[in-house]
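Read the structure below first, then the notes.
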Amino acid sequence: MFINVQRTHSLRSYEGESGPMAIVVGEGHPVGEGGDTRARYQRLADWTRQVLPVAEITHHWSTHDHQSIDHVPYIGRLSPVSKHLYVATGFGGWGMTTGTVAGLLLRDLILGRENPWAEVFAPNRVNLAGTRDLMRLTFTIGKHWVGDRLRRQPPELAIGEGKVVAATHGQIALYRDEQGEMHAHSATCTHMGCVLQFNGAEKSWDCPCHGSRFSAIDGRVLHGPALEALARRELDEIEEVRKAG
Ligand code: FES
């Protein structure tokens with residue numbers, strides 16, 4: 001596996017059924033804040049062609065890479081009073097390595113053994129190193145929570161496009177699928193109420209606050225922390241607002 005110093009790209013190879021394949025990772029961004037995701041895939045493809053003799057780009061997908069505020073994973077008891085509840089998360093792209101660390105550390109915690117790394121990875125540690133990032137993140141969440149409610153978009157949609165539009169009550173996440181059919185759901189994230197953003201490459205509704213993602217077709221949860229699907233909404237609600245001017 002290769003990774004560059006700024007960590008904007010990584011490369012790994014494997015033997016596919018039809019010959020050697022490469023997995024190229026890059027163009028990372030906070031969920032719901034990536035802008036045009038299709039343009040990101042294009043840039044990634046362009047970069048790959050510069051560094052490898054590419055015959056064909058066969059697949060692309062987006063996934064989450066959870067990261068803690070101080071960039072050290074959370075591994076250990078979920079809270080100081082948890083007796084039987086453990087957590088291992090925030091691997092920040094280093095899951096093969098820190099997943100193994102988590103296995104060793106959680107084994108020791110469960111068996112009541114001393115482990116010198118327990119304190120480093122403790123999920124309830126206080127680490128002032130991340131305070132500035134935490135404040136910035138909190139500000140960003142607040143900005144989305146309030147600011148995104150003020151958007152007003154016209155409901156005209158091209159094939160494969162999605163927009164958040166005003167409705168009689170709240171806002172609607174509107175998507176026109178490849179067959180031209182419209183799908184309307186609540187644009188409010190079922191986790192804590194932030195307004196969703198459309199992801200044009202993955203055809204999903206993505207939350208800029210804590211990263212939940214929902215299907216643009218049926219509103220089901222693709223990725224937590226949200227647990228509930230988006231509520232369906234009626235297209236008439238948008239029409240009423242348009243008529244009212
Ligand atoms: S408000 Fe959407 S993930 Fe938290």
Between residues in the range 66-89 that are under 22 Å from HIS29 (Cβ atoms) and residues that are exposed (fewer than 13 other Cβ atoms within 10 Å of the Cβ), which pairs lie under 6 Å by C-beta distance while being six or more apart or on different chains?
ASP70/ALA129
By residue number, the members of the range 111-135 that are modelled with pLDDT of 75 or more and part of a helix (DSSP H, G or I) are LEU111, ALA118, GLU119, VAL120, PHE121
Just checking, how many residues over the range 66-86 are open to solvent by less than 30 Å² (accessible area, probe 1.4 Å) and part of a strand (DSSP E or B)?
2
When the range 87-104 is checked residue by residue, the ones that are assigned to a loop (DSSP other than H, G, I, E, B) and open to solvent by 60 Å² or more (accessible area, probe 1.4 Å) are TRP94
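The values are calculated or read from the model by the stated rules, or taken from the named source; none is laboratory data. Predicted model only: the values in this text are computed from it and were never measured. Every residue, glycine among them, receives a Cβ derived from its backbone with ideal geometry; neighbour counts consider all protein chains shown. Side chains are part of the model used for accessible areas, which takes the heavy atoms of the whole protein and leaves out ligands, DNA and RNA. Shrake-Rupley method; radii C 1.70, N 1.55, O 1.52, S 1.80 Å.
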